[in-house]
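K.L.:
Take a look at the following structure, please.
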Amino acid sequence: MTEIMMKAGPKAKQIIERDQNVITPSYMRDYPFVIDHGKGAEVWDVDGRRYIDFTSGIAVLSTGHAHPRVVKAVQDQAARYLHMAGTDFFEPMGVVLAEKLNEIAPFEEPARVYFSNSGTEAVEAALKLARHYTGRAQFIGFIGGFHGRTMGALAFTSSKFKQRADYFPMMPGVTHVPYPDPYRPILNGDGYADAGERVLAYLEDTIFRTMVPAEEVAAVLVEPIQGEGGYIVPPDSFLPGLRALCDKHGILLIMDEIQSGIGRTGKWWATEHWGVEPDIVCSAKGIASGMPLGAVIARKSVMTWGRGAQGSTYGGNPVACAAALATIELIEEGYMQNAVEVGEYLIDGLREIAPRHPSIGDIRGKGMMIGIELVKSPQTREYAPDLMHTTILRGFDEGLLLLGCGVSALRFMPPLNLTRELADEALTMFDRALSRAEDEHL
Ligand SMILES: Cc1ncc(COP(=O)(O)O)c(C=O)c1O
């Protein structure tokens, strides 16, 4: 905290001191950014300093800060009514949004939608739905996965032990298997085409044979690109193979698209990159440009629970739904294509600067979900967490807001409407920040 305080401007310092007095100490906060206002991919702190935001408030601000069309949608809806509890009353905004989500859902079959307020609640509801629909109790999750912090989702979350420590026992019925990380495969892949096939064989031949009978498994919960775990893109074999395995055993496939969905990877849903149709999709974060909203989008034949089986007082709040409708429209009209083009531009830019940075071990991602794995040496691939933290701090000094993921990776997750000009400026800042961190650590 001392280095953070040293970097804080005078007004930021005041807020941080007050924060430390009254706000839970469980938050992360790597640097003393205290927002005053934002516009697009730029933000200004309370001391008047400008930054480029490559965090989007943890992959939430898909249309950037304070997009005028989102703001207008929120204002218009707020002036009409703020709330009418979709759980107990019919409410039009939720219907309109669910119809739109049905249109873009990543499966052929019609969809039904359950709304929540956050990602973790969407995961909770998806797990309950899976148990309800299948009558089975067991689940498969992945090491390195992040699905939220409530007790059901937390039973799957395994990207950092800190999120679980002191909270045991977890919800029973979850068995973890390795996520296929092409850069750091956990399982020895000898005799297999790639890390994806290796993990699928482990699930089928080891887990299902020795620990959990496949016919007792309700669902597999998976991120199509692992987010908090390190922005890990699985090999092409993995998701199609997982779909086939689920089909073989009557297991539901729940795709957690909370971080990867709603255009971030250049498609509505990351699973579409592999042509895989899940049974249930969890969405949140980027869906409403910053208004709190989560959604479980399920095949109609799967969302068959009865009256009173699931609900939420605030879930599908009409103001959040209005923000989501404006967000989806903007993404459809061009931001998704921009995510493809400027995302590629960022990856190309990173590949250009990589040769002068010995700490860049791997660059990966799709669209504007880009991970940069930092290592002590590209030969040993040894993790470099200190270097990662210093790079984040030096990024802040340069005027670039960054967040880490995994053990020592950085993520680029800017708003989907990032311009090439801001991408260039951010790459220059990143280049300088990483050089300074390398000077301190290598
Ligand atoms: C893939 C994924 N699932 C679930 C969650 C939990 O979402 P929330 O923080 O809104 O509960 C997150 C949040 O980072 C996430 O990235």
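The values are calculated or read from the model by the stated rules, or taken from the named source; none is laboratory data. As the structure is a computational prediction, the values presented were derived from the model and not from experiment. Every residue, glycine among them, receives a Cβ derived from its backbone with ideal geometry; neighbour counts consider all protein chains shown.
Here's the yes/no breakdown for (1) within 26 Å of ILE331 (Cα to Cα); (2) assigned by TED's automatic domain parsing to the domain that holds GLY361; (3) more than 14 Å from the chain's Cα centre (by Cα); (4) in a loop (DSSP other than H, G, I, E, B):
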| residue | (1), (2), (3), (4) |
| --- | --- |
| VAL220 | no, no, yes, no |
| GLY230 | yes, no, no, yes |
| PRO240 | no, no, yes, no |
| ARG243 | no, no, yes, no |
| LYS248 | no, no, yes, no |
| ILE254 | yes, no, yes, no |
| ILE258 | yes, no, no, yes |
| GLY261 | yes, no, no, yes |
| THR265 | yes, no, no, yes |
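K.L.:
Among the residues of the stretch 282-332, count how many are surrounded by fewer than 24 Cβ atoms within 10 Å (Cβ to Cβ), out of contact with any Leu (no Cβ under 8 Å at 6 or more places or on another chain), farther than 26 Å from ARG80 by Cβ and not basic (Lys, Arg).
P.N.:
So the count comes out to 5.
K.L.:
So, of the residues in the stretch 366-385 that are out of contact with any Ser or Thr (no Cβ under 8 Å at 6 or more places or on another chain) and either polar (S, T, N, Q) or closer than 21 Å to ALA59 by Cα (or both), which turns out to be surrounded by the most Cβ atoms within 10 Å (Cβ to Cβ)?
P.N.:
Checked the stretch 366-385; the qualifying residue surrounded by the most Cβ atoms within 10 Å (Cβ to Cβ) is ILE372.
Every residue, every condition in (1) modelled with pLDDT of 95 or more; (2) of a type in the set (S, T, N, Q); (3) more than 16 Å from the ligand (Cβ to nearest atom); (4) part of a loop (DSSP other than H, G, I, E, B), yes or no:
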site	(1), (2), (3), (4)
LEU82	yes, no, yes, yes
PHE90	yes, no, yes, yes
MET93	yes, no, yes, no
GLU124	yes, no, no, no
LEU127	yes, no, no, no
ARG131	yes, no, yes, no
PHE146	yes, no, no, yes
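Let's see how each residue does on (1) within 30 Å of VAL302 (Cβ to Cβ); (2) free of Cβ contacts under 8 Å to residues at least 60 places away in the same chain; (3) under 21 Å from the mean Cα position of the chain (by Cα):
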| residue | (1), (2), (3) |
| --- | --- |
| PHE90 | yes, yes, no |
| GLY94 | yes, no, no |
| ILE104 | yes, no, yes |
| GLU108 | yes, no, no |
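K.L.:
I need the full set of residues from the stretch 220-239 which are more than 9 Å from the ligand (Cβ to nearest atom) and of a type in the set (Asp, Glu), in order please.
P.N.:
ASP236
K.L.:
Follow-up question, since we're still on this one. Can you confirm whether the stretch 344-363 contains a residue that is in the same structural domain as PHE412 (by TED's automatic domain parsing) and on the phi > 0 side of the Ramachandran plot?
P.N.:
no
K.L.:
Also, I was wondering about something else. Any idea which of (1) within 15 Å of the ligand (Cβ to nearest atom); (2) touching a His at 6+ places or on another chain (Cβ under 6 Å) is the one TRP305 doesn't satisfy?
P.N.:
Tallying (1) within 15 Å of the ligand (Cβ to nearest atom); (2) touching a His at 6+ places or on another chain (Cβ under 6 Å), TRP305 fails exactly one: (1).
K.L.:
Residues to consider are ALA105, ALA66; find the one that is farther than 26 Å from VAL174 by Cα, buried (at least 21 other Cβ atoms within 10 Å of the Cβ) and touching a Lys or Arg at 6+ places or on another chain (Cβ under 9 Å).
P.N.:
ALA105
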